[in-house]
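The values are calculated or read from the model by the stated rules, or taken from the named source; none is laboratory data. All values derive from a computational prediction rather than experimental measurement. Glycine also receives a Cβ, built like all others from the backbone with ideal geometry; neighbour counts cover every protein chain displayed.
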Amino acid sequence: MLVTRRRSPPAIPIPPIRLDGLALPLLSAVTILGVEIDSSLSFTSHVKKTAANAAGKLSCVRRVSHLIDARGVTNLYAAQVRSVMEYAPLTWSSCPPSYLGLLDKVQDRARRLISTKVLPDEQAPLLQPLQHRRDVAGLCATYKIHKEGAPHLSALRQPWAAPHPHNTREACTENHLTVPFARTETFLRSFVPRYTRLWNNLVSDTDIHKVPTLQKFKCEANKWLKV
């Protein structure tokens with residue numbers, strides 16, 4: 001696969017690559033550990049295929065929904081459909097919002113299906129927004145990187161920001177991270193810039209980052225994002 005941001009292919013022909021005497025075909029996209037990456041390093045095709053796969057699984061849930069109640073439909077959706085849409089989300093979360101909306105449409109259809117199974121005296125089970133769940137996962141990953149020192153995530157570590165000499169509302173405080181400069185909207189939406197900014201907002205608003213365990217941090221981050 002030739003990785004490039006050019007809209008037209010280069011004029012110089014790409015030399016063939018041979019392995020055991022066989023020429024490897026040039027692909028426009030490759031799949032690594034279940035995540036599809038195209039030649040422009042975008043994840044739009046991956047998200048579109050994920051949404052189509054999740055929609056097909058939701059159709060299967062719909063076919064058996066007459067056999068189970070609202071709670072059963074919710075559990076089946078969470079296990080078989082939502083899990084597909086939440087595989088490696090921090091990798092492709094830089095995808096444009098219009099494509100992430102395809103996943104939200106699948107969850108909206110699931111919510112309508114669940115509502116048809118709710119009895120008059122029951123309350124519909126709660127489905128958290130997918131972006132909310134991705135944000136919690138991103139904050140938890142940031143906590144593991146900077147508070148627990150996870151060695152396998154050390155490449156994503158950002159330096160701590162130097163405190164500002166003047167005490168203002170916008171000044172950096174303790175436990176703030178340096179936000180990397182982003183030249184493009186795609187990079188601005190990617191994991192490091194997005195969740196570094198979100199971490200700084202969390203540190204400015206609360207003391208959640210000082211909790212001793214990841215599980216406690218996850219619970220408190222859930223509450224903070226709901227506000």
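Working carefully through the options Asn201, Asn222, Asn175, find the one that is farther than 30 Å from Leu58 by Cβ, modelled with pLDDT of 90 or more and of a type in the set (S, T, N, Q). Explain how you work it out, then say what you get.
Values: Asn222 fails: farther than 30 Å from Leu58 by Cβ; Asn175 fails: modelled with pLDDT of 90 or more.
Of Asn201, Asn222, Asn175, the one residue that is farther than 30 Å from Leu58 by Cβ, modelled with pLDDT of 90 or more and of a type in the set (S, T, N, Q) is Asn201.
Hey, among the residues in region 76-110 that are assigned to a helix (DSSP H, G or I) and touching a Phe, Trp or Tyr at 6+ places or on another chain (Cβ under 6 Å), which one's farthest from Phe43 (Cα to Cα)? Give the steps one after another, and end with the answer.
Just the residues of region 76-110 that are assigned to a helix (DSSP H, G or I), to begin with: 76-85, 89-92, 97-110.
If we keep only those that are touching a Phe, Trp or Tyr at 6+ places or on another chain (Cβ under 6 Å) too, we end up with 90, 92, 110.
Working: Leu90: 11, Trp92: 6, Ala110: 24 Å.
Here the residue is Ala110.
Need pairs with beta-carbon distance below 9 Å; first residue assigned to a strand (DSSP E or B) and within region 7-29, second of a type in the set (A, V, I, L, M, F, W, C); sequence gap 6+ or separate chains.
Here the result reads Arg18/Leu24; Ala23/Ile17; Ala29/Met1; Ala29/Ile37, each pair linking region 7-29 to a residue that is of a type in the set (A, V, I, L, M, F, W, C).
Being basic (Lys, Arg) and over 24 Å from Val81 (Cα atoms) narrows it down to one residue among Arg111, Arg134, Arg197; which is it?
Numbers: Arg111 fails: over 24 Å from Val81 (Cα atoms); Arg134 fails: over 24 Å from Val81 (Cα atoms).
After applying the criteria, what remains is Arg197.
Take Leu58 and decide whether it is hydrophobic (A, V, I, L, M, F, W, C) and over 29 Å from Thr184 (Cα atoms). Walk me through it before giving the result.
Numbers: hydrophobic (A, V, I, L, M, F, W, C): yes; over 29 Å from Thr184 (Cα atoms): yes.
Answer is yes for this residue.
Given the options Ala155, Ala162, Ala182, name the one that is more than 30 Å from Asn53 (Cα to Cα), in a helix (DSSP H, G or I), hydrophobic (A, V, I, L, M, F, W, C) and without any contact (Cβ under 8 Å) to a residue 40 or more places away in the chain. It would help to see each step written out before you state the result.
On the way: Ala162 fails: in a helix (DSSP H, G or I); Ala182 fails: in a helix (DSSP H, G or I).
When all the criteria are applied, what remains is Ala155.
Within region 43-52, take every residue that is assigned to a helix (DSSP H, G or I) and under 17 Å from the mean Cα position of the chain (by Cα) and give me the one that is surrounded by the fewest Cβ atoms within 10 Å (Cβ to Cβ). Walk me through it before giving the result.
Pass one, region 43-52, residues assigned to a helix (DSSP H, G or I): 44-52.
Pick out the ones that are also under 17 Å from the mean Cα position of the chain (by Cα) and you get 44-51.
Working: Thr44: 17, Ser45: 16, His46: 22, Val47: 23, Lys48: 15, Lys49: 13, Thr50: 26, Ala51: 20.
In this case the residue turns out to be Lys49.
Just to check your reading of the model, which residue among Ala150, Ala155 is at pLDDT below 95, among the hydrophobic types (A, V, I, L, M, F, W, C), loosely packed, with under 14 Cβ neighbours inside 10 Å and assigned by TED's automatic domain parsing to the domain that holds Asn222?
Numbers: Ala150 fails: loosely packed, with under 14 Cβ neighbours inside 10 Å.
Exactly one of Ala150, Ala155 is at pLDDT below 95, among the hydrophobic types (A, V, I, L, M, F, W, C), loosely packed, with under 14 Cβ neighbours inside 10 Å and assigned by TED's automatic domain parsing to the domain that holds Asn222, namely Ala155.
Which of the residues belonging to region 186-210 are part of a loop (DSSP other than H, G, I, E, B) and crowded, with 17+ Cβ neighbours inside 10 Å?
Answer for region 186-210, where residues must be part of a loop (DSSP other than H, G, I, E, B) and crowded, with 17+ Cβ neighbours inside 10 Å: just Ser190.
Quick check: anything in region 62-75 part of a helix (DSSP H, G or I), touching a Cys at 6+ places or on another chain (Cβ under 9 Å) and not acidic (Asp, Glu)? Spell out the reasoning first.
The initial filter retains those residues of region 62-75 that are part of a helix (DSSP H, G or I), namely 62-67, 70-75.
Checking which are touching a Cys at 6+ places or on another chain (Cβ under 9 Å) leaves us with none.
No; the residues of region 62-75 include none that is part of a helix (DSSP H, G or I), touching a Cys at 6+ places or on another chain (Cβ under 9 Å) and not acidic (Asp, Glu).
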